[in-house]
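Presented below is the structure to which this report refers.
The values are calculated or read from the model by the stated rules, or taken from the named source; none is laboratory data. Quick caveat, the model's predicted, so the values are computed rather than measured. Note that we place each Cβ from the backbone using ideal geometry, even for glycine, and neighbour counts take in every protein chain shown. We work out accessible area using only protein heavy atoms, side chains counted, and drop any ligands, DNA or RNA first. Shrake-Rupley method; radii C 1.70, N 1.55, O 1.52, S 1.80 Å.
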Amino acid sequence: MARRKHRTALLDPPPSPPVRQGMLSPRRTVPASIARPEYALTGQPSTRAGRAVRTPDEIERMRVAGRIAAEVLIEVGKAVAPGVTTDELDRVGHEACIERGAYPSPLNYRGFPKSLCTSVNEVICHGIPDSRKLLDGDVVNVDVTAFIEGVHGDTNATFLVGDVDEASKDLIRATRQAMHAGIATVRPGSKVNDIGRAIEASVKGGTYGVVQEFIGHGIGDQFHTSLQIPHYYDPRHRTVIEEGMTFTIEPMITIGSPELYVWDDDWTAVTISGQRCAQFEHTLLVTSTGVEILTLPDGTPPAEELFAV
Ligand code: MF3
Ligand code: CO
Ligand code: CO
């Protein structure tokens, strides 16, 4: 018998029962005074190619959108607790956006029914807020995108619900570190695939997986531009990073295999293994010397630090 090269990883069973779909609340409304993105009525974003590099004026407006998204993420993070429904997190985020004059970008984006994404435990991304109550020991990723002054800011963080097991906390710490390892490569002249290479190097050695199906993206007047930012090393992604580009880095890291499937709601992506996933996201601007994180709040640390695990 041939000797196995790699030992099969023995993982503990996930610490909670599988997440199931709940009930959706009625659609939330946005006051007429708030400017809407192009897709708000039809659900269909335009397919124009979009530019990778922003004008100084766009950059100024993206600082505003980024700050607001970061503030809303903190407001939602404060509401995370056992017994709270993910729909309640959506309500808090929806109202926090509107109070700041911003449209919650997910609402009706490609038909998405809610104002932010809530991804619990083995849900990788794009979880739809519903009547499910958070349980003590859950982890929940909240992904906020705000549209204001014609541009989007996109940021997410993974939060603890009550008392969480050590393996999940380690996963969250590793994921946050991986995002920062990716961000640290960004400067004019670096390559898009340096980001994925650094993220993979940052998590390697453990039993973690890097999700491939969902990637970071260019962002500006469109929620997602054609610029693709994989979180794994792909030799084909040799695009050179230039000053003035704006894009997200948002690695999804799993315990065990990153293979996934999507629920029949056509949104909710979950691990096949049932093991947990964590994610962090920032919107970035490439500066003359390096990188600026656009999704930072004013005068307080960001959610990833305020709620650091
Ligand atoms: N905010 C997510 C991202 O990071 C996209 C959510 S799309 C939605 O790209 F329609 F689900 F909101
Ligand atoms: Co994003
Ligand atoms: Co996002």
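Structure above, values below:
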{"read-out": "Number of positions in region 143-169 that are open to solvent by 20 Å² or more (accessible area, probe 1.4 Å), more than 16 Å from ligand 3 (Cβ to nearest atom) and either in a strand (DSSP E or B) or in contact with a strand residue (DSSP E or B) (Cβ under 9 Å, 6 or more places away or on another chain) (or both)", "value": "3"}
{"read-out": "Tabulated pairs, region 212-236, first free of Cβ contacts under 8 Å to residues at least 60 places away in the same chain, second away from ligand 1 (no atom under 13 Å from the Cβ) and among the basic types (Lys, Arg), C-beta under 8 angstrom, 6+ apart or interchain", "value": "233/197"}
{"read-out": "Residues of region 254-267 classified as touching a Gly at 6+ places or on another chain (Cβ under 7 Å) and part of a strand (DSSP E or B), total", "value": "1"}
{"read-out": "Count of residues meeting criterion [buried (at least 24 other Cβ atoms within 10 Å of the Cβ) and outside any loop (DSSP other than H, G, I, E, B)] in region 104-122", "value": "4"}
{"read-out": "Of all residues making up region 224-249, the number that are within 16 Å of ligand 1 (Cβ to nearest atom) and either of a type in the set (Ser, Thr, Tyr) or open to solvent by less than 20 Å² (accessible area, probe 1.4 Å) (or both)", "value": "9"}
{"read-out": "Tally, over region 268-309, of residues that are part of a helix (DSSP H, G or I) and open to solvent by less than 50 Å² (accessible area, probe 1.4 Å)", "value": "2"}
{"read-out": "Restricting region 268-289 to residues that are within 24 Å of residue 68 (Cβ to Cβ) and out of contact with any helix residue (DSSP H, G or I) (no Cβ under 8 Å at 6 or more places or on another chain), the residue that is farthest from ligand 1 (Cβ to nearest atom)", "value": "287"}
{"read-out": "Tally, over region 96-117, of residues that are in contact with a Pro (Cβ under 7 Å, 6 or more places away or on another chain) and more than 9 Å from ligand 1 (Cβ to nearest atom)", "value": "3"}
{"read-out": "Qualifying residues in region 123-135 (those that are closer than 18 Å to residue 81 by Cα and open to solvent by 10 Å² or more (accessible area, probe 1.4 Å)) - the one nearest to ligand 2 (Cβ to nearest atom)", "value": "128"}
{"read-out": "Test: residue 221 is out of contact with any strand residue (DSSP E or B) (no Cβ under 9 Å at 6 or more places or on another chain), open to solvent by 10 Å² or more (accessible area, probe 1.4 Å) and at pLDDT 95 or above", "value": "no"}
{"read-out": "Any hit, region 201-218, residues being on the phi < 0 side of the Ramachandran plot, of a type outside the set (S, T, N, Q), in contact with a Lys or Arg (Cβ under 9 Å, 6 or more places away or on another chain) and within 16 Å of ligand 3 (Cβ to nearest atom)", "value": "yes"}
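The rows are residues; the columns are (1) free of Cβ contacts under 8 Å to residues at least 60 places away in the same chain; (2) away from ligand 1 (no atom under 16 Å from the Cβ); (3) over 30 Å from residue 265 (Cβ atoms); (4) under 19 Å from the mean Cα position of the chain (by Cα).
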site	(1), (2), (3), (4)
131	no, yes, no, no
140	no, no, no, yes
143	no, no, no, yes
153	no, no, no, yes
157	no, no, no, yes
176	no, no, no, yes
179	no, no, no, yes
188	no, yes, yes, no
199	yes, no, no, yes
